[in-house]
């Protein structure tokens, strides 16, 4: 069982990876966010889970870099081909977003591309049988059936929620109920992020 401090650290890391994913996908990440030769314009970022805890994964084009949080640098030998993940045909590059599952879906990672997604199992290091599947199975609102810009899990009072961004809107997905919270999509402007070309 995780201690209070480990849980707080995990939440902070998850938020950092999620927000970094958004910044990098928009091409506006700070200089220190340049990872293993990947400078801006990342396709997706994902925090490792289970046996891969303490690592973060950054995806760009057909390659990825594994980042070690303890050493604060990319692991030796990276970047490597995304094909090593054996995600599925069509998922060997150009991912739209990635997201770790939460609650009943803990231990899973979701990779989105176009109108499809695959579910990765961190414990077995492989895609669950029967994937890829249509994003339509998530029952997201109209306009959120594919082509996501970024995704991240909430922390603190928003634990158990996933945020999926597309264009200038986002939806909040509840992992426990397996559906989007009422009243979504909403404008990204509600996040009160800095202006001046950011939104």
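Remarks
- Once C-alpha pairs closer than 8 Å and six or more residues apart are averaged by separation and normalised to the residue number of the range 92-158, the relative contact order reads 31 percent.
- For the range 96-171, taking Cα atoms only, Rg and Dmax work out to 12.2, 36 Å respectively.
- Here the residues 96, 72, ranked from fewest to most Cβ neighbours within 10 Å of their Cβ, fall in the order 72, 96.
- For 128, 62, the sequence from fewest to most other C-beta atoms within 10 Å is 128, 62.
Readers should treat all values here as calculations from the given coordinates under stated rules, not as data from a laboratory. What you are looking at is a predicted structure, and each value in this text was computed from that prediction instead of being measured. For neighbour counting, all protein chains shown are included, and Cβ atoms are generated from backbone atoms with ideal geometry for every residue, glycine included.
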